[in-house]
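Before any comments, here is the structure.
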Amino acid sequence: MTPIKMVDLKGQYEKIKKEIDENILQVIESTIFINGPKVKEFQTHLENYLGVKHVIPCANGTDALQVSLMALGLKAGDEVITSPFTFIATAEVVGLLGITCKFADVERDTFNLDVTQLEKAITPKTKAIIPVHLFGQSCNMEIIMQIAKKYGLFVIEDACQSIGADFIYKNGEKKKTGTIGDIGCTSFFPSKNLGCYGDGGAIFTNDDELARKLRGICNHGMFEQYHHKLLGVNSRLDAIQAAVLDVKLKYLDEYNATRRKAADFYNKMFENNPNIEIPAISSFSTHVFHQYTLKLKNANREKVIEKMKEAEIPVMVYYPVPLHLQEAFGYLGYNTGDFPITEKLSECVISLPMHTELTEEQQMFIGRNLIGGLGLS
Ligand SMILES: *Cc1c(COP(=O)(O)O)cnc(C)c1O
């Protein structure tokens, strides 16, 4: 059996090496490394795939979120509501811009924002909600959009982990995550479902005026050459990364289907185990399993992790410290007990290897060791 990795980018590359190498070589031969036709081609292909009017490529997912807040004109004194159970980038950019980050607790089952908790966090200063489609499935966007409309709030979707996942409306209509709110953000970090070979990100919107503003802010606040209307940033997707992404986009649905299949295989091993709760999938979303995350019940997570380490199986805890309890957010004044569901989740979750190259043999080995680690095999 080949060594097990949390993410196997090498195995995936081997299968598409010829196409990737050729496309990268074309960029080098052209010497157009910034913007240019490759970036534009990828942008158009991604717009078509997502069914969204504008894709604005940028340097990474964190920038995508920051530029979105800037384009909406949010500033110090405003408040933004997001989940405390996410990667720090979501809330970090809010804080960096001097905007006050307010958290609302998540649902135990799906790890996503609990829409019944949202309204409690809204104040007259609230300007936006950032739903995070964590681990690859959508938040309840139909309700979130209704709440946003009722209070006149912007919605910025953090779709960094959910590219390709569909939100399913009550009437059966489907839309890709990231294309429902005013703005959607994604990351092409190598380990994401659509990852490049370095850093990359993109912003999505259906609004022409917002798209123009987002593009300008990504380019030093420049809307006309060397005329700077506002202070922006330098955030670009380079052409070599676009060349990689344009090839991988063709395989995205296949990659996501492979992840779902691997998740099903894990589910079958764990579904009857009294100490394991398998990932719940909501009725209003498809799941692209950026992470396969279990909840352990009446088990010692440290011991389980130790046992997996001994068997050379990588596992991760996403996320061990909720954002409201991070030192960096101490100034917000939150305390232990403020978001009990998030706090409980951070103590019991464990993510297993999940990628497009997992074999059933590897998964069986992982499953046996996990169950063994629980002292129940
Ligand atoms: C990865 C990630 C980001 C940041 O993306 P980068 O490209 O690493 O800057 C933001 N939010 C979430 C939920 C992520 O998973």
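The values are calculated or read from the model by the stated rules, or taken from the named source; none is laboratory data. If you're wondering where the values come from, they're calculated on a predicted model, not measured in any experiment. Cβ: placed from backbone, ideal geometry, glycine included. Neighbour counts: every protein chain shown.
Laid out as a table, the results:
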read-out: Conditions (1) touching a Cys at 6+ places or on another chain (Cβ under 7 Å); (2) in a helix (DSSP H, G or I): number failed by M308; value: (1)
read-out: Subset of region 258-277 [of a type in the set (K, R) and in contact (Cβ under 8 Å) with a residue 24 or more places away in the chain]; value: R259, R260
read-out: Candidate set from region 234-265 (those that are hydroxyl-bearing (S, T, Y) and closer than 24 Å to H287 by Cβ); member that is surrounded by the most Cβ atoms within 10 Å (Cβ to Cβ); value: Y255
read-out: Strands (runs of 3 or more DSSP E) enclosed by region 165-282 - at least 2 residues per element that are within 16 Å of the ligand (Cβ to nearest atom); value: 183-187, 201-205
read-out: Matching entry among K307, K344, K297 (being in contact with a Gly (Cβ under 6 Å, 6 or more places away or on another chain) and of a type in the set (D, E, K, R)); value: K307
read-out: Which numbered condition E357 fails, given (1) free of Cβ contacts under 8 Å to residues at least 60 places away in the same chain; (2) touching a Gly at 6+ places or on another chain (Cβ under 7 Å); value: (1)
read-out: Any hit, region 142-156, residues being surrounded by 21 or more Cβ atoms within 10 Å (Cβ to Cβ), within 14 Å of the ligand (Cβ to nearest atom), farther than 20 Å from E79 by Cα and touching a residue at least 12 places away in the same chain (Cβ under 8 Å); value: no
read-out: Cβ pairs under 8 Å, 6+ apart, first in region 84-103 and under 12 Å from A328 (Cβ atoms), second away from the ligand (no atom under 13 Å from the Cβ) and acidic (D, E); value: C101/E79
read-out: Among (1) of a type in the set (A, V, I, L, M); (2) crowded, with 18+ Cβ neighbours inside 10 Å; (3) away from the ligand (no atom under 16 Å from the Cβ), the one test that A121 misses; value: (2)
read-out: Qualifying residues in region 82-102 (those that are more than 13 Å from the ligand (Cβ to nearest atom) and of a type in the set (G, A, S)) - the one surrounded by the most Cβ atoms within 10 Å (Cβ to Cβ); value: G95
read-out: Some residue of region 65-81 being within 16 Å of the ligand (Cβ to nearest atom), in contact with an Asp or Glu (Cβ under 6 Å, 6 or more places away or on another chain) and touching a residue at least 60 places away in the same chain (Cβ under 8 Å); value: no
read-out: Single residue of H45, H54 found to be more than 16 Å from the ligand (Cβ to nearest atom) and touching a Ser or Thr at 6+ places or on another chain (Cβ under 7 Å); value: H54
read-out: Residue within region 118-132 that is among the hydrophobic types (A, V, I, L, M, F, W, C), part of a loop (DSSP other than H, G, I, E, B), modelled with pLDDT of 95 or more and under 30 Å from N35 (Cα atoms) present; value: no
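Rundown of residues vs (1) more than 30 Å from N272 (Cβ to Cβ); (2) part of a helix (DSSP H, G or I); (3) in contact with a strand residue (DSSP E or B) (Cβ under 8 Å, 6 or more places away or on another chain), yes/no style:
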{"position": "V321", "(1), (2), (3)": "yes, no, no"}
{"position": "H324", "(1), (2), (3)": "yes, yes, yes"}
{"position": "A328", "(1), (2), (3)": "yes, yes, no"}
{"position": "T336", "(1), (2), (3)": "yes, no, no"}
{"position": "S346", "(1), (2), (3)": "no, yes, no"}
{"position": "H355", "(1), (2), (3)": "no, no, no"}
{"position": "F365", "(1), (2), (3)": "no, yes, no"}
{"position": "G375", "(1), (2), (3)": "no, no, no"}
